[in-house]
Structure formats: C-alpha cells, structure tokens
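Nothing in this text is a laboratory measurement; each read-out follows from the coordinates by a stated rule. The model shown is predicted, which means the values in this text are computed figures rather than measured ones. Here the Cβ positions follow ideal geometry from the backbone for every residue, glycine too, while neighbour counts run over all protein chains shown.
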C-alpha cells in the first residue's frame, strides 16, 4: 500500500524523485542487447552553457540557473520580471536603458523572436518564456537539468562562453574612449562562469558531480549521477590563462577557436555581428597586433555567403562607442574581396555580369595572412598539441575549414571532438544510397564531411546541434513590397492583410504556379511604373538578377547580372539577354576564382527555375573628380552601396512592377505582376530602403515541392520595414502591443477572411485561428518575426494572411510591413531525427553512440523551435529509478513515468504544461521529452534513441583514448541501419 | 527658546569639529589659547559692526566687504578638454552674518583635439549663507534653477562625450554645469565649512579646515542626448581639507594648501562611465581682500572603466566687492 501511495504521489508531482530532496537515480544498464559489457547507458550533451548568466558582463541573460525553490524535474521555477530595455539588474543609467531598448530587439531577432517581458507580470505573455527561440533568458535552471537527467542525461559538457565586443555593446556607450579590447577579459568571464557551474554542482552533489577523468565519469555515472565536464568556449584565452583554468578548475574540454579569429587560428565565417567582433579584438590576438582586421575570406562554391558589408562595433577614438553599428567605408571594404565589386568600380553606367561564390576564411591555425601563407605547420598547431599533451579534449567546432583540417593534421593520435553543429556536404563522394536533406549551401560553420569522418575514424565523437530553424520549408504564399501595408493603431483591430486576389483590397501576393519552372528562357524583362527623381550623387537605378549555376543545392555559384534601367518620367525598363551579349563587361572578381561567368552555351540553357533572385536597387557608382566637386568627397564612401546615410535626394517610386521571362520559343512568361490597389505603391526606394527584392526563387510554392511537410504546420513570417519606428512592446510599465496573425482560406469557396476579433479583446483568439506574432514584445525595424499556425485546411487553399494589433497605444506611429511569408515546414523534430540518421550512417557506418547531442543550450542560438507532435506522455518513461529510501520502498524496480514539466505557480501549485509542440525545445528539461519523441519516430527512431543513449559511453571512450592512445581498442559499440520511415502523416 | 537651542547646537557642533580637526595636528593648541582667527577681526558678536575680512580668507562672499563675487574657473586636462565657467554672486544681508545669496553661473567647454565646443547654459541659485562670528564655520544651502538649454551637438553622442570630459577636467564634478537639459530642472545644494582657530607651529601660523557639500536634483532632470531626453538624477558630492598659512615667520603669506575630492552621482552617465571621481591638490592665495585665487592639479578616474586617469590643471580666480 505504501509503495502504491508513493508511486501515486510521485506521478502526481510529476517527478521520479521527491521535489524537496532529489536523489541520484539507480543506474540502468544498456537497454540494447548487443552493447559491450560495462558500457554506460545515458546520453551525452557535448555542449551547453548552464552558467550563461555570468557571461556578457551579466547584462544579456535574465534569470538564474540556481533555483530558489525545491528542485523538481516536473516544475519549472518562477522567474523574476525582467526590464525589457536591459538585463542589467543594477542599472540606473537612462542612456544605458535607451541603448538597450535599441539593442535588445536586434539581439532577440537572431532567433526571430521578440523580446517580451517574462516573470510575474499580470500581462506576461504566456508563450514568452520559456520558448525555444528566446535566447536571452536562462533555459538551464537546475530543475531543467534535473529533468534532462531523469530522462537519461548522464554526461554534460558545461561550457563557458563570451564575446567582449558584444559585452561592450550591452554595457552601453563608453563616452570616454570607446571600446578597448582586453586580452584577459575572457579569462575573467570564464572564471566567473566556472565558479557558478561548480556552485550548481556542489548544491546538487547528491545527483551530479564534476568528472576530471574518464575514470571519474564512469564512476559518477555508475553511481547513477550526472557527470559534468568543465569546458571552455571562449573567443580568445591566452595560453597561460587556459593552462590556469585547466589546472585550477579541472577543465577538460576546450574549443581553441570560437567566434573570432584569435591567436590560435581562424574562425568559421559565420555572420556579420561576429565579423565585427573579430575586427574589434584583432589587435590583441593577431601576432602583428594590427587593429580592425576583418575576416579574410576566399571565394568557394562549397559554402554560402554569411558575410556582408562589415559593420563596425566601435567607432575609432575619439568618437564614442554607442549602439549604432556603422558600416566600414568603401575604401576599406574594397580590400576585403567579400564580393565582386566590378559592378560599381567605374563611373560610367554599364551592365556587368560576374560569378558569385560562397565564402570561407583563409586562415588556418595562424593569426595573420602572412603566417597563413607560409608553408608547413602554422603557429597555432603548437597550441593544439599543447592542449592534447595536457590531456584536454580538443574541439574543432567553430574553426574555419582550414583550421579544422590543420587540427586534424596535427601529429597526434589523440581523438578530437566536434561538439555542436551540422555536417556539410554529407553526400560528397558517397555512393548512391546517401541521403542529404540539406537544401541550401551550408556556411563554413558546418563541419566538412571529410573532417567529420576523420574525427570519427580516430575514435572521436560528434555532437549534432538542435538549433533553431533547422528544417526545410516550402512557400505557400509570399508577398513583397515596400511596404505591403501600414499597421495602424486601429481600434477596429484588423490592420493589414495580404491575399492572392487584388479584388479584396489587400496587398497582393503573386499567384502560385503560373509558369512551368522547367521552361527554357532566353531573357528577362523588367518594367516599372513610377518616377525617378535625383540621380546624384552618382546613384543610378539598376536591376540585379542572380541566376543559379549548375551546381548541387548545397553549393554556391550564382551568375549575377547587374543591369542599368532605362528610366523616363513614367517609369523604368530593362531587357536582360541572358546570353550576355549586351553587357559591357563580363568579368569575374579579382578576388574570386578565375572562371568566366558563363559561356555562350551555358548562358543559353537557363530555365525559369534558375532565376534565383531579382532585385531593384539604387547603386552608387564611383564618384570621380567632377562628381566629388559637386557632392563632396564623402560620397566616395557611398560607392557600391544601395542605401546611404547622407541627405541625398534620389527617390524612386514604384507604382507597379512587371517581371517577365522570354521563353526560348519567344513566348512571354509572366513571373511577377505587382500592382497594388489605387492609392498604394509597391515601394518607394530611397535613402533607407535602397533596394527591393521583387522575385525570389524560394517564394515559388513549386520550388520545394519535395519537402517532407504535412501542410499542417505552417510558419508565418512578417518583416517590419527599415527605418520605421519600432512597435512598442510590453515592459513592466506598459502592456504593449499584441500583433495577431491568421490565415485566410478558400476551402469553402472565396478567400475568406479570418473571423474578426471582438472589440476590446486583448489576446489573439486562438479558437478563431489567430495567434500572436510578438508575444507583446517590441518589434524593431527591418526585423522579421515569425510564429507557427496549425492549419486544418488543405495547404493549397491558403490564400491570404490577416494581421491585427491589439492593445496598441493610439498615439503610436504606424508600422509598415514589407514582407509576408507563409511556409509549410517539415516537422523540425522529424527533420533532426532524419539528419541524425543520415550523419551517423555516412560518417560512422551507423556505429551507435558516435553522434551525441550538441545542444548549445543558452548559446544565443535558439533551439528547435517547434515540433509537429507532442510525445505520448503516457509512454515517457524515466531513466531514473530511485535509490535510497525510495528504492527500499520498492520504487526502483522499474522507472516511474514522467509527468510533463509544468509552471510552478506563486502558491506552489503546478500550472500549464510546457510542451514541445507549442514552445519547441524551450528548456533543457525538454530534452527528456525530445528523446521520447525521437524514439517514436517511424523506422529509425529507436535506433537514434539507442544511439543517443550510448553517446555517453562513446564519449568516455574517446576521452580514454586521449589519455592512452596506445591502448587496445575496446569492443566496438554495435551498429544499426538507421533506416527512417516517412514522417507521421505522410505517405511514402 | 528653540531658536536659541538650535544656535547652541550649531555652535557646539562647530566647536567640536574645530577641536577635532585641530587636535589632529596641534594637540597642544586649544581654541582658547590660539591667536584670534582671521574672522575675529570682522566682529566678535553678531550684534557688533562687522569689519572687512582680511586677505587670506578663502570663502568669502557674504562676509563683510565681500558682498559681490565674480569668479572664473578655468581648467584643462590631458584629453585637451578646456573648461571655463563664470560665477557671479551677490549676497544680501538679512541679519548679521546671515545673507541671502543670489548666484548666476555660465560658461563653456571645448575639446581641442576634436574641434568641438559648446556654450553651457546658465544656472541660477538662491541660497542662504551664514557663518560664525569667529569664522569657525560657514554654511550655505539653497535651490538651483537649471533652465533648459540646447547645445550644438545634442543629437550626437559627442555632446555627452564633451560633457563627461568637462566633468573630469574641470575639477568640479557638478554635471549640471556641463550638460544640456530639455526641461528646466531644480537642484538643492549645500556646502559646509569648518575651521580651527589659527594656531602657531614653530614659525608657522596655521589653521585647519574642511569643506564638504554637493548638489542634488529635486526631481528627475531630463538630459539631452542623441537618444532623446534621458530622465535621471543629477548630483554630486565633494569633500576637501585645507591647511591655512596666514603667516610664515613674520610675513603675511595668506596661503591655503589642501586637497579636494569630488564624485559625480548623476545617473545619466552610462555604466562604463559611472561615478566620475576627481581628486586634486590645490594652493590658494588671497593677497588682498578683493582677490583670491586657487591653482590645482590632480587626476580624475572613471571607477567602472579601465581607462587611465585623466590629469587636470586649473585656476580659480575670485574678485570681491563690498
């Protein structure tokens, strides 16, 4: 009777252990029959940041990992309300708050999620926290770690991280001298984070402990506890500082390179923010101490193009550091070779075409271009060897492709790790059976498949990331404009709409499927209605057409044609012969591979499907002496840009836009016809909106028809126009505007609008199909926010989007919306399972355990943002049989079922469940739910589950091999086929 | 009765402070034994006719013979920021040494390296000033009116950069002097001074003194910035000690030597620039009744920043009229 009562109580509280005194689990032996004797059963997470709240000067992440309440894996502790302008608890400076209000929406946009207040406010949006896309509130509190542990986590790499330039931005302006890089800043930050990790472990020593050797790890896990490995993922620790942390704290895992080029080597090209950060600290990491050095890249078809015109975080002394990120001048940009600049280097208006490839960092294990150009082993290799000699696990994640390869080439048999990320070019060199879901070129941040295979061959392990947006999508509806409509504080609620039918009075989305994408084309015609005023200083209207080269989807090679438009008072026009005969210049970039843009035969073989993108844009040409005499020398730095900061007059009104292709048969193929209702414009291109994309290949619903989407889970994205005033969100002082979106459907005939929202409503009525886009968070200009809608109607009947804003201050300015997209997405969780199967088959021949989780929780990345289905809670079995007193009562005979994780209310009761299918991988604890959902995936789900549960064993083996590379290899872990079935809801 | 008690308490406090300061350096001296302080020549009781303060008196407005004050504060620092303020004060006798003081202050600053400069708006003050008949203490407190003011670079961060540079350079962390405000604001201010009686130490005749006080906004003030008006607290506190040297041997030196410390408490400074802290040493000289001057040199730091200290040098000139 007592045992039954205990089970009932535990199930009611939702925890396998008591809430007030969590204890260690009894360790479960491997649940696969062919596992070697002595193997540990449990999953490893090779990368997570539990102490992130101590990073970035304590100003970025709100909340704490240390729970003030009894630890329970089924109860998420409450979180204090955060000020939305800044997360600095002690802040009083109004200027810092104002800067934070500009900065935070842009940080939040990294994951497309508006920053809304969390905590105990009466109007706290229910979905604001926890949420997988929220990257600025703590997601790894101890209760969440406990839940992951009860779900099978046995080995956690607890890593530190930081970025001193981002920290400087977050700390507000420095009026005296701007940003001064500090070579020891990362050391101080790492210590603070390691102290917190140690504190967490000490406070929960009954069920977790720090492993400083593989023997420690086996013993800790053998006692049923969670083994924690201390890890460093800092931008630049000096060698002595790293050694100190290894000696003093027992750090055993290091990523020598993170988000910036440092004194070890080059980082993977991975976005503009951290390129700016790299330049801001180059003077302390380069051996030549050169300041303001951006990444040096080379053109390659292997990767995408993550780097744009670089930003500058710290304007140079004596100007102060403040939040406005300026761009570097053209004269500096032109030396970087980030893109072919032939289009704008002359002063005459002429068309050009050139090949555009992807980018990768030229640096390997070297800190200057001269070092990198020298033959033989580069200086950073000695740092790698030193770490391996210290018996520290070296991680190649975040390294440039060259640095990763040079690390693999270091003369050492020691295993390496790639803890988090994806694998690039999975099927390169593989047989016909290889499957690769990737539909886009990867960035250099993904590990090359050959490097991954080399790591596995040396007994290393990989961690597969679980980051945001990691799935494929197909367009259902896409509309572009500048703006499409203006949201106004309209008390009637509905403020904007987009439909495929111009007769509705809404903005118009081009109809799908009007041309056969396989139709051969010979030319493209562009016509615009509307006047152009002011061509100076030396700005001219151009159309830019990008044609996809004949390469696989995971490579980058576009033929770009930049063509001048012939404009009169009524409009502009251009006809682009894709054979290139009318172009004045047909050149490759001096920075790119020496290859002709195309030959006469290849240029003639384009189809509609090859048109990647068509953009109308102002383009500044070189400003010669006469031009500079007229407009001033400052305009020289506007060269090659389509937006500008001065007061120049150019303005280009687009009343209508027609885009057509001419088929090889000479028939006209309409691609885009943008003609808004009377009184509306397609766009006005001017100072802040110097370009407009009028056609994007991915907008066509037929482009990705093979994406494994059910049509049930839809992603709705809206982009606010550049230069607009931000939409004011909630704060502790105000309720904030609530943006609601709903889909229109023609399932019953005409394209029917969503049911109107009742007067006075403050929440989006979900029962009528409305969902919140911004969780009442602020919406900054040029930021895309998205939300998910579940559709009960066939995908083909979705014909429009309605937008309404509730609780909007009537005194607020209107918010222009530039872009609306609806996409059907494949189940992100199913996508992850299939990806895992593809990777482990390709690089490890299906050997269980070789690929672990590399979640990067709290890593400013956002987690898997939704799941199509919630795992069946009744089958969510705990990997945590009880020990001790509970075990004596008989409760360890079989794992107890885990209840959903729920909010802990103020009165201690439990509230709503935190679900994967609503919030994505919103807290670390949902890894338990994720793992169960993995198991339920058709076909390969059980294999992936079992492989993950042997990943702690595989990782410990790698660690053991590091300590003794000459030992005889242990009995291999079993292999599986990882044959995945069709996603639920899809027929094969 | 209550007024008498309060006066007694003030006198007792002043005497205690005087004794404490004196005992630090001259434990053998006592107020009773010491030569008469400079102020003693002014009057011996509040009811007696006052006399002009002699040269060597450094805190003079509102004292007899010094009812008008025109002061000039000039300073520059290593960042090549130059500051200049003018202060015009008029003391109106209410009763005995108790005066009503009206002040007007205005000036400008310039960052010579960057070619930036700004005229800074006026600040008006209305206060009460009192001092003891023996000049062992003086006190002034009142209200400052800080009118709205617009500088040439208010829409640019360089305006605040210049203001911070001025605060660090000027030796006076009184931010209201260097910032522009979008609305009129009010501050309360106060300063208190205590001195020992003069005493002899070998060939020197000395007095010891301390001064402290500050400004604080009554309500949040709106500082102009490139981000729009930023509402916050504007205030500061200072402390200084001084050794007076009215005579060396038989010569009238009329010198004052001391140290000055000041901190800005204003909330408008970003956290990287918070609490500008100033410390300097000064030498004062008042050769004649109608003039006193002070030269100072020191350093200023931002405690929350890793920036090196900013050095500062300055001159204060004060002219008096009866």
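Some notes on this structure:
- Taking every residue in B:156-162 and counting other chain Cβ atoms within 10 Å of its Cβ, the average works out to 5.
- Sorted peptide list for A:141-150, B:130-139, criterion being average Cβ within 10 angstrom, highest first: A:141-150, B:130-139
- The spacing between the stretch A:654-669 and the stretch B:179-241, judged by their C-alpha centroids, is 74 Å.
- Fraction of antiparallel bridges per DSSP, the protein assembly as shown only, in percent to nearest 5: 85 percent
- Sequence-distant contacts, meaning Cα pairs under 8 Å at least 6 residues apart, place the relative contact order of the stretch A:403-544 at 18 percent.
- Relative contact order for the stretch A:368-476, counting Cα pairs under 8 Å that sit 6 or more residues apart, in percent: 26 percent
- Rh (Kirkwood; distinct C-alpha pairs) - the stretch A:248-292, Å: 11.4 Å
- In terms of its C-alpha gyration tensor, chain A comes out prolate, because a/c is 1.5 or above and the ratio a/b outweighs b/c.
- The stretch A:19-168: C-alpha gyration tensor shape, a/c 1.5 cut-off, then a/b vs b/c: prolate
- Whether the stretch A:682-725 is rounded, prolate or oblate, judged on the alpha carbon gyration tensor where a/c under 1.5 counts as rounded: oblate
- For the peptides A:410-421, B:161-172, residues were scored by their other Cβ atoms within 10 Å and the scores averaged per peptide; the highest-first order is B:161-172, A:410-421.
- Sorted peptide list for A:155-165, B:234-244, criterion being average Cβ within 10 angstrom, highest first: A:155-165, B:234-244
- Neighbouring partner chain Cβ atoms per residue of A:173-185, average, 10 Å criterion: 5
- Estimated FRET transfer efficiency (residue A:605, residue A:788; beta-carbon r; R0 45 Å; 0.05): 0.70
- Short-range pairs are left out: with C-alpha atoms under 8 Å and at least six residues apart, the relative contact order of chain A is 18 percent.
- Remark: the residue A:688-residue A:905 segment gains 73.5 nm on full extension, using 0.36 nm per residue and subtracting the alpha carbon distance.
- Inter-chain neighbour count for B:227-236: the average number of beta-carbon atoms from partner chains within 10 Å of each residue's beta-carbon is 3.
- Cβ-Cβ FRET estimate between residue A:373 and residue A:289, R0 fixed at 25 Å, reported to 0.05: 0.85
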